[in-house]
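Only one structure is covered here, and it is reproduced in the block below.
Quick note: the coordinates plus some simple rules give every number you see, no bench work behind them. Note that the coordinates shown come from a computational prediction; the quantities given were computed from them, not determined experimentally. Glycine also receives a Cβ, built like all others from the backbone with ideal geometry; neighbour counts cover every protein chain displayed.
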Amino acid sequence: MLYLLLSVLCSVLIANFLMLMGRRGQTSMLPVFLGNYFVASLSSYLTMPRLVPTTAFDLGFGIITGALFLGNFWVYQKCIACNGLSLSVGVMRIAMIVPVLVAVVWFQEQLGILNGLGIVLGLAAFTLKSDPKALHSFLWIVGLFAISGLTDASLKIFKELGSGNEAGFVYIIFTSAFVFTLLLILVGRIRFTWQGILLGCLLGVPNRYSTVFFLKGLDSIPAALAYPIVAVSIVLLSIVSDLAIWHKQASRRDVLLWALLLVSLVLLNL
């Protein structure tokens, strides 16, 4: 259970870090992302078994997934700055609806009644934020849901169609995300700030270990328990962070939205 708790803390730390950057008015997050993906790529390379061949599918799909990872991180940061911490984290977690539907439609997997109810409740939660007066904020929510879902679905697709070389695939993802970030900085002529790159390197530590700790936690906790525990705990701690650290004023609609997201996460992970 300790490893799952550490995984949750790493994920919540990342969200609060992005919230802090948004509050500080960071002009561009790309140098931060560059440092983050540099650390992620380097650590993936150092822990990857040597001389493991990869396929053309792994390489091409890994590059596409790397672009999705970068886009997902960028939209996530924008959504946090626009809609707050807890809602953005909840949307990112509930986006697992997309890979669930991909598994059902594309790979003919079975969907239980409770899982279906979880999808309905998760989508219903979005209606609570569909305020025409806040269309800009709502569009960031929809964008985060879409790209997070596609990112998660890409991992499912690799599981089904890839070679099984997960270490090599992860290395391709983070390396391509690093290259894409560097190209965007060069093309956009964005000024390198060593402070931003250093902050990104620090961000890369919890970003990597959130996954490492979760996988270690699966050694002692069944996946059927680990997934809902981690998903719900991350959302709950994000809500606490929003209220205690960022002094969010929660309305009744916010409380109902959080409740729907939490119940939906539990049902989706059953």
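Considering only 31, 206, 49, the Gaussian network model of the chain with Cα springs below 10 Å gives its largest mean-square fluctuation to 49. Taking the number of Cβ atoms within 10 Å of each Cβ as an exposure proxy, the fewest-first ranking of 189, 23 is 189, 23. Mean separation of Cα pairs under 8 Å and 6 or more residues apart, divided by the residue count, gives the chain a relative contact order of 45 percent. Stretched out straight at 0.36 nm per residue, the stretch from residue 189 to residue 111 would grow longer than its current Cα-Cα span by 23.3 nm.
The ranking of 93, 191, 252 from fewest to most other beta carbons within 10 Å of each one's beta carbon is 252, 191, 93.
Model label sites at residue 240 and residue 259, defined 7 Å from Cα along the beta-carbon direction, differ in position by 2.1 nm.
Shape summary of the stretch 2-269, radius of gyration then Dmax from alpha carbon positions: 18.3, 56 Å.
For an R0 of 41 angstrom, estimate the FRET efficiency from the Cβ-Cβ distance between residue 67 and residue 249 and round to the nearest 0.05. With a Förster radius of 41 Å, E is 0.65. Going by neighbour counts of Cβ atoms within 10 Å, the residues 254, 242 line up, fewest first, as 254, 242.
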